[in-house]
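Written below as structure tokens is the structure these notes are about.
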Amino acid sequence: MKTPDRNIGHALERLGNIAVEAFHILGLFVIGGTLVWTAVHTYLHEIMAKPYATLDDLLLLFIYLELGAMVGIFFRTHKLPVIFLLFISMTALTRYLAIDLKDFDNYKILTIVTAILLLSVAALILRYTETRLVNPDEMVGSGPASDPPGTETGRQVSDAVQEKIA
């Protein structure tokens with residue numbers, strides 16, 4: 001038999017979970033909407049105003065795409081894919097380097113290129129550990145919630161190939 005205190009505690013916990021989920025969804029919509037608004041404004045008023053898009057413009061659009069993908073993945077899985085932050089950082093540093101290369105001395109160029117290399121190595125390590133050490137159900141973008149019916153994950157395909165070889 002449940003006591004009244006336990007019922008109240010359980011109800012408060014459920015209410016707290018609902019409030020956190022509502023805040024989560026509202027926050028993602030605000031971030032997503034702001035991202036779309038900024039990307040559309042940049043595209044219409046800055047990129048389309050010129051006779052052609054520059055490398056700087058294309059890299060900026062790529063950053064918007066990566067941010068949108070990260071928000072979408074976070075919305076669907078409730079997991080923040082850190083590797084996307086690394087990709088965004090690499091793209092932003094590449095954009096910075098491409099825009100202001102003529103104003104940099106050799107030391108600054110070497111520093112930026114080294115930072116891009118370190119971020120690339122970090123992304124490689126994350127990807128390697130994700131495929132080798134993480135439970136397949138915990139991987140971002142894997143599992144029944146994200147796979148359309150009738151599709152197989154890379155690990156399932158790999159397991160099927162291993163079975164046929166053996």
(Q) Here is a check on your reading of the model: is residue 130 part of a helix (DSSP H, G or I), charged (D, E, K, R), surrounded by 13 or more Cβ atoms within 10 Å (Cβ to Cβ) and at pLDDT below 90? (A) yes
Q: Of the conditions (1) surrounded by 12 or more Cβ atoms within 10 Å (Cβ to Cβ); (2) part of a helix (DSSP H, G or I); (3) free of Cβ contacts under 8 Å to residues at least 40 places away in the same chain, residue 15 clears all except one; give me its number.
A: (1)
Q) Can you pull out the residues in the range 21-55 that are more than 20 Å from the chain's Cα centre (by Cα) and either surrounded by fewer than 10 Cβ atoms within 10 Å (Cβ to Cβ) or touching a residue at least 12 places away in the same chain (Cβ under 8 Å) (or both)? A) 42, 43, 45, 47, 49, 50, 51, 52, 55
Q.
Among the numbered criteria (1) at pLDDT below 90; (2) in a helix (DSSP H, G or I), which one does residue 142 miss?
A. (2)
Q.
Kindly evaluate residue 88 against the criterion of being at pLDDT 80 or above, in contact with a helix residue (DSSP H, G or I) (Cβ under 9 Å, 6 or more places away or on another chain), assigned to a helix (DSSP H, G or I) and surrounded by fewer than 15 Cβ atoms within 10 Å (Cβ to Cβ).
A. no
Q) Out of the range 101-110, which residues are exposed (fewer than 13 other Cβ atoms within 10 Å of the Cβ) and assigned to a helix (DSSP H, G or I)? A) 101, 102, 103, 106, 107, 110
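The values are calculated or read from the model by the stated rules, or taken from the named source; none is laboratory data. Just so it is clear, the model here is predicted, and its values are computed rather than measured. Methodologically, a virtual Cβ is constructed for each residue, glycine included, from the backbone with ideal geometry; neighbour enumeration extends over all protein chains shown.
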